[in-house]
Amino acid sequence: MAIFKSKNITKDGRKWYFSVRYKNAHGEKMRKKSGNFATKQEAEKAERQFINDKNDIKIAMTFEEMYNRYLDYVTESIKGSTLFNKRNRIKNHVLNYFGNMNIHNITVNTVLDWKAKINKATAKTGETYRLSYKQGLFAELRTILKYGVKFCGLKENVTDKVKTFQDKNEAVISDEEKFRYITPDEYNLFTSVIDNLVYKVFFAFLYYMGVRKGEAQALNWDDILWDSSKVRIIKTITEMTDERDEYGKRFKITNTKNRKNRTIQMPPILKNLLLELYNYYSEYEGFNHQWFVFGGNRHLPTHSITICKDRYFNLVKEKYGIAINRITSHQFRHSHASYLISSGIKPDVIAYRLGDTVAVVLKVYAHLYPEVEDEIIETLDLVENGYVIKKKILLPNTKKEILKIN
């Protein structure tokens, strides 16, 4: 079952045809080869029609062949990074089990056996896969089989008869675990141990601006609007791609999520840090405004960001004896949103700054509305030129001020 380009092109330019291998009602192996069509799309449509009209046949197709057709079908409608992750998940956990199977031989028991195998599998960290991850795999399998029913002659989607993964013994993740943040006190402890200017400014940018990590990685110096103290967020970087840069590293610049471009204000403390970083890079030969704000002639790699972040959290504990909330790079964004909410900033203003919709903001941060617990964050005021911290932040057991803004 496939679409081909014929060597014998008709006088009016028709060159596409389909070829389908199948078994008839008597179990005899058959093959249907169509005439030529003007376009590939016409041949595909005729192939689907042939399959739908033949209710008594079974197409000789493997799961991998069906999956490749499904992939072609969804490629244009899915963002590159999402497609990259989808392909990797299916390749590692679905295709390696079902790939060589005839699609008509996939039964309820086949799916149950696959579920058992996934439940026994362990991730590279040695921990079993999270329930949400396994449920995502099940959803991928179900979607591919649904495509098979619609376009490849499958009589039914057997996953409709099987429950998704349900680990009764898996601990329930609390909302507090899903939504982690750091307070200004914790942030200042964190930034006080950073000895690298690039990373110091990078994490400050995440904390004070609330942008996504990829949006910060993609910034060029042309995006910094010094006169108005604003920053243009108009692109993002993904390393979830098959494309590679001149160093052989995965790298692609794409549109911001949901194409939510915006120009947002930076507080004075961040502007001063960025100016210091600008002066640092301007000493380099070949420096220009197309250089990345964070990284120079190449953006900061995600792996390096994670390693450094974790090292700085460890240094805080070693230096001050305090174990502050260990957050992900994305959760700096949660921290930013939290102090905006605690300051009474309206959801529509927060949504614009984050590059989200009001509905998303209210959904993600619902537990912070309408009341915010006192311990969430120290009071910050949003003013025209940025944020002004109302109190001095002191290191524990010392009179040394970490941060003071007038």
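Looking only at the stretch 305-320, how many residues end up being without any contact (Cβ under 8 Å) to a residue 40 or more places away in the chain and farther than 25 Å from Leu354 by Cβ?
Of the residues in the stretch 305-320, the ones without any contact (Cβ under 8 Å) to a residue 40 or more places away in the chain are 306-307, 310-311, 314, 317-318.
Next, only the ones that are farther than 25 Å from Leu354 by Cβ stay: 307, 311, 314, 317-318.
Residues in the stretch 305-320 being without any contact (Cβ under 8 Å) to a residue 40 or more places away in the chain and farther than 25 Å from Leu354 by Cβ: 5 in total.
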Within the stretch 264-293, take every residue that is surrounded by 19 or more Cβ atoms within 10 Å (Cβ to Cβ) and in a loop (DSSP other than H, G, I, E, B) and give me the one that is farthest from the chain's Cα centre (by Cα).
Pro267
Write out, first by first residue and then by second, each pair whose Cβ atoms fall under 6 Å of each other, whose residues are 6+ apart or on separate chains, and whose first residue, in the stretch 205-223, is within 17 Å of Leu273 (Cα to Cα) and assigned by TED's automatic domain parsing to the domain that holds Lys271 while the second is surrounded by 24 or more Cβ atoms within 10 Å (Cβ to Cβ) and of a type in the set (D, E, K, R).
Gly210/Arg333
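Given Lys91, Lys161, which one is in contact (Cβ under 8 Å) with a residue 40 or more places away in the chain, among the basic types (Lys, Arg) and either loosely packed, with under 14 Cβ neighbours inside 10 Å or assigned by TED's automatic domain parsing to the domain that holds Lys252 (or both)?
Values: Lys91 fails: in contact (Cβ under 8 Å) with a residue 40 or more places away in the chain.
None of the others qualify; the one that does is Lys161.
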Can you name the condition, by its number, that Tyr207 falls short on among (1) modelled with pLDDT of 95 or more; (2) in a loop (DSSP other than H, G, I, E, B); (3) among the hydroxyl-bearing types (Ser, Thr, Tyr)?
(2)
Suppose we keep only residues that are part of a loop (DSSP other than H, G, I, E, B) and of a type outside the set (A, V, I, L, M) within the stretch 330-354. Which one would you say is surrounded by the fewest Cβ atoms within 10 Å (Cβ to Cβ)?
Gly344
Report yes if some residue within the stretch 47-65 is out of contact with any Phe, Trp or Tyr (no Cβ under 6 Å at 6 or more places or on another chain), surrounded by fewer than 17 Cβ atoms within 10 Å (Cβ to Cβ), within 30 Å of Arg259 (Cα to Cα) and modelled with pLDDT of 80 or more; otherwise report no.
no
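If you scan the stretch 248-263, which residues turn out to be assigned to a loop (DSSP other than H, G, I, E, B) and hydrophobic (A, V, I, L, M, F, W, C)? Give the steps one after another, and end with the answer.
To start, the set of residues in the stretch 248-263 that are assigned to a loop (DSSP other than H, G, I, E, B) comprises 248-249, 251, 255-256, 260-261.
Answer for the stretch 248-263, where residues must be assigned to a loop (DSSP other than H, G, I, E, B) and hydrophobic (A, V, I, L, M, F, W, C): just Phe251.
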Looking only at the stretch 316-329, count how many residues are assigned to a helix (DSSP H, G or I) and out of contact with any helix residue (DSSP H, G or I) (no Cβ under 9 Å at 6 or more places or on another chain).
2
How many residues are over 19 Å from Ala323 (Cα atoms) and crowded, with 21+ Cβ neighbours inside 10 Å when one looks only at the stretch 185-206?
5
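Being within 28 Å of the chain's Cα centre (by Cα) and surrounded by fewer than 17 Cβ atoms within 10 Å (Cβ to Cβ) is the requirement here; does Asn109 meet it?
Values: within 28 Å of the chain's Cα centre (by Cα): no; surrounded by fewer than 17 Cβ atoms within 10 Å (Cβ to Cβ): yes.
For Asn109, the condition - within 28 Å of the chain's Cα centre (by Cα) and surrounded by fewer than 17 Cβ atoms within 10 Å (Cβ to Cβ) - is not met.
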First in the stretch 230-241 and on the phi > 0 side of the Ramachandran plot, second anywhere and acidic (Asp, Glu) and at pLDDT 95 or above, Cβ under 6 Å, 6 or more apart
none
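Looking at the stretch 358-366, can you tell me whether even one residue there is modelled with pLDDT under 90, of a type in the set (Phe, Trp, Tyr) and assigned by TED's automatic domain parsing to the domain that holds Tyr207?
Going through the stretch 358-366, the residues modelled with pLDDT under 90 turn out to be 358-366.
Imposing the further condition that a residue be of a type in the set (Phe, Trp, Tyr) reduces the set to 365.
Next, from what is left, pick out any that are assigned by TED's automatic domain parsing to the domain that holds Tyr207: 365.
Yes: one or more hits.
The values are calculated or read from the model by the stated rules, or taken from the named source; none is laboratory data. Note that the structure is a prediction, hence the values are computed from the model and not measured. In this analysis, Cβ positions are derived from the backbone assuming ideal geometry, glycine residues included, and neighbour counts consider all displayed protein chains.
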